[in-house]
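Below is one structure, written out as structure tokens; the observations come after it.
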Amino acid sequence: MSSRVQKEKATQFRRFHHEAPLLVLPNVWDAASARIVAQAGFRAIATTSSGVAAALGYSDGQHISREMMIEAIARITRVVECPVTADIEAGYGNSIEEVLQTIKAVIMTGAVGFNIEDSLKQQEKALVDISYQVELIKALRELATSMDVPFVINARVDVFLLAISEPESRFEHAVQRANAYLQAGADCIYPIGRLDRNTIASLVKAINGPINILGGPPEPTLPELAQLGVARVSLAGGLMRSMLGHLRAIAQELLEYGTYARMNTEALSSSEFGSLFTK
């Protein structure tokens, strides 16, 4: 991908966060899933760290190597024309410089955005110091300038996901981190977790920039999230979990009954499958 095309895609992807319609990002895990989602008509695609790891035989949480993660992203960007944003967890580094090296490699794949977590991989239910994350995001913004690729930094806030602090102070804690990250140069805030409508509406009002919400059944629906003022919705590992559940049901039917009903449900035709990667 040429630097000009990548820059155009990054600019386009950034714009999607500030205009209608709601930016919906089905999270994919390999080239085939990316191709299907792109063909469905979505404007952009996100990867899922849990899905990429599972496809490679590992659990989530940076248990695959940086190189394995980069290779997976590169396979996805190769087969789609739309902007791709990558879930890189906490950045695969124990220092700001190491994380910057990860981001450089991610951008070299053709991706135009990424998620960056503010939780510690070495400890359960612990967040990095807010001052460290602010410095990291500032460094990432400077890197974007130096590479002349205005990549989108989606700064995750893991306060709700990890149930950090007491419930009554959780909201203010999340907002404090979110606004600090925006001021440091983040483009969007991802307060990940299963949140109710009232909490989402309050976050939209309190956070000084676009917010990304974790979507999925049963609700809120995408139209409801758009009405609440959400800019972007991710599905995390939801698509892959659904696909694996369907595969399990197919396997059970084959084993127990020797029939093909579930296997035939929503299956691609042979011609559709054969032409998935033809130009």
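The values are calculated or read from the model by the stated rules, or taken from the named source; none is laboratory data. This is a predicted model, so every value here is computed, not measured. Heads up, the Cβs are rebuilt from the backbone with ideal geometry, glycines too, and the neighbour counts pull from every protein chain shown.
Taking the residues in region 81-98 that are over 16 Å from the mean Cα position of the chain (by Cα) and part of a loop (DSSP other than H, G, I, E, B) as candidates, determine which candidate is surrounded by the fewest Cβ atoms within 10 Å (Cβ to Cβ).
Within region 81-98, the match that is surrounded by the fewest Cβ atoms within 10 Å (Cβ to Cβ) is Glu81.
Give me the residue from region 211-232 that is surrounded by fewer than 21 Cβ atoms within 10 Å (Cβ to Cβ) and within 19 Å of Ala186 (Cβ to Cβ) and, out of that set, farthest from the chain's Cα centre (by Cα).
Gly229
(1) closer than 23 Å to Val79 by Cα; (2) of a type outside the set (Asp, Glu); (3) surrounded by fewer than 23 Cβ atoms within 10 Å (Cβ to Cβ): which one isn't true of Gly113, the others all being true?
Evaluating Gly113 over (1) closer than 23 Å to Val79 by Cα; (2) of a type outside the set (Asp, Glu); (3) surrounded by fewer than 23 Cβ atoms within 10 Å (Cβ to Cβ) leaves (3) as the failure.
Find the residue count for region 218-259, including only residues that are within 27 Å of Phe160 (Cα to Cα) and part of a helix (DSSP H, G or I).
Summing the residues that are within 27 Å of Phe160 (Cα to Cα) and part of a helix (DSSP H, G or I) in region 218-259 gives 15.
Can you tell me how many residues within region 2-42 are closer than 26 Å to Met243 by Cα, surrounded by 14 or more Cβ atoms within 10 Å (Cβ to Cβ) and of a type in the set (Gly, Ala, Ser)?
Residues that pass the stated criteria total 5.
Give the residues of region 54-80 that are modelled with pLDDT under 95 and among the charged types (D, E, K, R), sorted by residue number.
Listed by number, the list holds a single entry, Asp60.
Hey, among Tyr181, Tyr132, which residue is of a type outside the set (A, V, I, L, M, F, W, C) and buried (at least 17 other Cβ atoms within 10 Å of the Cβ)?
Tyr181
From the list Arg248, Arg170, which residue is without any contact (Cβ under 8 Å) to a residue 12 or more places away in the chain, out of contact with any helix residue (DSSP H, G or I) (no Cβ under 6 Å at 6 or more places or on another chain) and closer than 17 Å to Arg156 by Cβ?
Step by step, each of Arg248, Arg170 is checked, and only Arg170 is without any contact (Cβ under 8 Å) to a residue 12 or more places away in the chain, out of contact with any helix residue (DSSP H, G or I) (no Cβ under 6 Å at 6 or more places or on another chain) and closer than 17 Å to Arg156 by Cβ.
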